Structure formats: structure tokens, C-alpha cells
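Read-outs throughout are calculated quantities, based only on the coordinates presented, and are distinct from any laboratory measurement. Treat the numbers as computed from the prediction; the structure is a model and nothing was measured. In this analysis, Cβ positions are derived from the backbone assuming ideal geometry, glycine residues included, and neighbour counts consider all displayed protein chains.
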Amino acid sequence: MPDGDALAAEAAETAVTGVTFGELRALLGEPAFRGADPQAWSALEQRHGVEFPADYKEFADAYGAVLINNQLTLFHPATAWHNLGENIREEQEFYEDWPEDMMPPYPIGTGPGEMFPWAHSATGEMVYFRVPRDGARDWAVGVIEHDEFGYVEYPVTFNEWMRAYLRGAESVGGEEMLTHSRNFAPDGPFFTMLAQPRS
């Protein structure tokens with residue numbers, strides 16, 4: 001049974017985000033990642049001048065670079081493969097020479113109002129965070145369908161978006177889920193640890 005401090009922390013998290021990491025863990029299963037590295041986060045944050053969302057960091061440090069439902073691959077800053085920093089850099093390079101009418105709705109980057117990837121899917125979507133503009137506090141989750149270059153933005157936290165995904169929800173934050181798991185995990189969500197090179 002959780003102690004008083006754990007319950008208080010859970011209650012505080014719920015008050016801030018509305019969805020707790022505990023809810024996601026209950027849906028997905030007990031995490032097994034052992035490579036959490038606070039210095040990897042701090043180094044990447046210093047390099048990009050941004051502090052990544054706390055709920056995303058908590059989830060990523062629990063599950064690592066992970067494949068969910070054989071569909072959604074999440075990045076982590078401390079892994080050699082599926083590395084968050086490398087994917088941000090590669091996404092910036094990917095769009096360097098694209099025609100203006102095929103560019104994402106916001107610049108790729110980590111500055112105010114910009115967007116950067118934190119996951120991609122086997123069904124052709126890239127999942128982003130949009131960084132709050134100066135004076136704003138709320139991050140948003142955005143998804144681009146690379147086949148049609150459609151963009152949908154969800155005014156929700158990472159935890160809220162991830163819960164909707166894990167539940168196979170049709171929508172979240174008033175918007176249709178472009179990346180959904182109902183065809184990939186009919187018996188419930190699951191995850192696979194992604195292999196990393198041997199050191």
C-alpha cells in the first residue's frame with residue numbers, strides 16, 4: 001500500500017495534470033528501463049534552452065526508448081538508438097530544403113512556439129511537442145501525418161494524450177486522435193524494450 005508521502009505526491013500530480021503516471025503504468029504495465037540519466041536530460045535542456053515537460057520525462061525515464069503496441073516508438077535522451085536529441089536534430093535537417101507549402105505549421109526546434117518530435121509511429125505519424133510561447137505555460141501535443149502532411153494539435157498534457165492513446169480513444173482535447181492503438185492492441189496496450197548497442 002502506498003505511504004502517505006506517495007499518496008500526497010500522486011494527488012499533487014493529479015491536480016496539476018489531471019492524469020498521473022500511475023494511471024499510465026496501470027494501463028501499460030510495470031516499466032523495466034534501467035538507463036535513466038538526469039545528466040542526459042540536463043545536458044540536452046541546456047543545449048536547446050528548454051525544460052522538457054515533467055510528465056514526459058517521468059514516463060520516458062520509466063520506460064526508456066520503447067515501442068508501444070508495435071506502433072509508437074518513444075525517444076529518450078540517454079539511449080544510443082532512438083535518441084531524443086538526435087531525432088530533434090534530424091527533424092530540423094529533414095525540413096531544411098522543403099517547399100514552403102509543405103512545411104509544418106510551426107518551425108522545427110525548441111524555441112518558444114516551435115515544435116520538436118518525441119515519438120514516431122509505424123503508421124506514418126510523427127508526434128511532437130509544441131513549446132509554449134513567451135508568457136504561456138501550457139505545452140501542446142501535435143501530430144503530423146507524413147503521407148498527407150495533415151497536422152492536428154491537442155491542447156493537452158503528455159499524460160492526457162498518452163492515456164487517450166493507450167485506451168484507444170477516438171479523440172482527446174476535442175480533436176480526433178490521428179495515432180490510435182485500437183487496431184494494434186485489441187487486447188490492451190503492451191510495450192517492448194528497444195534494443196540498444198552493446199557498450
(message) I'd like the Kirkwood hydrodynamic radius of the stretch 75-128, using the inverse of the mean 1/r over distinct C-alpha pairs, in Å.
(response) 11.8
(message) Nearest 10 degrees is fine. How inclined is helix 158-167 to the longest principal axis of the chain, computing both from alpha carbons?
(response) 80
(request) Go through the stretch 12-112 and name the GluC sites (Glu not before Pro) that are in a DSSP coil and have 16 or fewer other Cβ atoms within 10 Å of their Cβ. (result) E51, E96
(request) Quick one: pull the percentage of alpha-carbon pairs in the stretch 128-179 with a separation above 14 Å. (result) 52
(request) Could you tell me how many degrees, from 0 to 90 and to the nearest 10, lie between the Cα long axis of helix 4-17 and the main elongation axis, the longest principal axis, of the Cα atoms of the chain? (result) 30
(request) Once you have the Cα-Cα distance between Y151 and D187, take 0.36 nm times their residue separation minus that, and quote the gain in nm to one decimal. (result) 10.1 nm
(request) Could you sort 184-194, 123-133 so that the peptide with the highest average Cβ count within 10 Å comes first and the rest follow in order? (result) 123-133, 184-194
(request) Would you mind working out the magnitude of the charge dipole of the stretch 4-193 relative to its Cα centre, with +1 at each Lys and Arg C-beta and -1 at each Asp and Glu C-beta, to the nearest 20 Debye? (result) 560
(request) In square nanometres and to one decimal, what's the mean projected area of the convex hull around the Cα atoms of the chain? (result) 12.6
(request) Using a Gaussian network model of the chain whose springs link C-alpha atoms within less than 10 Å, name the residue from A122, A78, A62 with the highest mean-square fluctuation. (result) A122
(message) From the phi angles alone, apply the Karplus equation (6.51, -1.76, 1.60; θ = phi - 60°) to the stretch 90-105 and give each ³J(HN,Hα) in whole Hz, x where the residue is Gly or Pro.
(response) 5, 5, 4, 5, 4, 9, 4, 10, 7, x, 4, 6, 10, 6, x, x
(request) Pull out the extension gain between A54 and E30, defined as 0.36 nm times the separation in residues minus the alpha carbon to alpha carbon distance; nm, one decimal. (result) 6.7 nm
